[in-house]
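Quick note: the coordinates plus some simple rules give every number you see, no bench work behind them. Everything quoted here is computed from the prediction, not taken from an experiment. Every residue, glycine as well, gets a Cβ built from its backbone with ideal geometry; the counts of neighbours run over all protein chains shown.
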Amino acid sequence: MLKITRTVNGEVVFRLTGRMGAENVGELERLFSAEAGSRRIVLDLEDLILVDQDAVSFLRRCEADSLKLRNCPAYIRKWITGEQ
C-alpha cells in the first residue's frame with residue numbers, strides 16, 4: 001500500500017510512504033499532470049520501503065523530466081542508476 005501526502009511551500013512535495021508498484025504509477029502521473037506548470041514537483045522518498053521494477057522505471061523517468069527525488073534510499077538510487 002502506498003500513501004501519498006501533498007504539501008506546498010514554494011514547490012509541490014509529494015511524500016511517498018510504504019510500497020510502490022506498477023498499480024501506483026497511473027495515479028502519480030495524474031497527480032503530476034494536475035500540478036503541471038504551476039510549481040516545481042518534488043518526490044520525497046524517505047519513507048518508501050519497497051518498490052518494484054515498474055516503480056523504479058517511473059522514478060527514473062520522473063528524474064529525467066526534471067522532477068526532484070528527495071531523500072532517495074540508496075538501494076533505489078542504485079537501481080535507478082543501474083537502469084540507465
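Which of Val13, Val8 comes first, and how do the rest follow, when ranked by fewest Cβ neighbours within 10 Å?
Neighbour counts put them in this order, fewest first: Val8, Val13.
Place a point 7 Å from the Cα of Arg40 along the Cα-to-Cβ direction; which residues of segment 1-30 have their backbone N under 19 Å from it? Flagged as within label range: 6-16. Taking a Cβ cut-off of under 13 Å around Val42, the surrounding Lys, Arg, Asp and Glu residues balance to a net charge of 0, with basic ones at +1 and acidic ones at -1.
Sequence-ordered 3J(HN,Hα) estimates for segment 51-61 from the Karplus curve with 6.51, -1.76 and 1.60 and θ = phi - 60° stand at 9, 9, 4, 5, 5, 4, 4, 4, 5, 4, 5 Hz, glycine and proline given as x.
The local environment of Ser66, defined by Cβ-Cβ distances under 14 Å, has a net charge of +2 under the rule Lys, Arg +1 and Asp, Glu -1.
For the chain, the longest piece that avoids every one of the trypsin sites (Lys or Arg not before Pro) found in DSSP loops with at most 14 other C-beta atoms within 10 Å covers 41-84.
Taking other C-beta atoms within 10 Å as the exposure proxy, Ser57, Ser38 rank Ser38, Ser57 from fewest upward.
Let me check I have the definition right: for the chain, take the eigenvalues of the Cα gyration tensor, multiply each by 5, take square roots. What are those semi-axes in whole Å, largest first?
19, 14, 12
In segment 36-75, which residues have a backbone nitrogen under 18 Å from the label point lying 7 Å from Asn9's Cα in the Cα-to-Cβ direction? Zone members listed by number: 39-47, 68-72. Think of segment 2-83 as having a plus end and a minus end, set by charges on the Cβ of Lys, Arg, Asp and Glu; of Asn24, Leu48, Val12, Val12 sits farthest toward the positive end of this dipole. Going from the residue with the fewest nearby Cβ atoms within 10 Å to the one with the most, Met1, Met20 rank Met1, Met20.
Full extension of the chain segment joining Met1 with Asp54 gains 17.6 nm, where the gain is 0.36 nm per residue of separation less the Cα-Cα distance.
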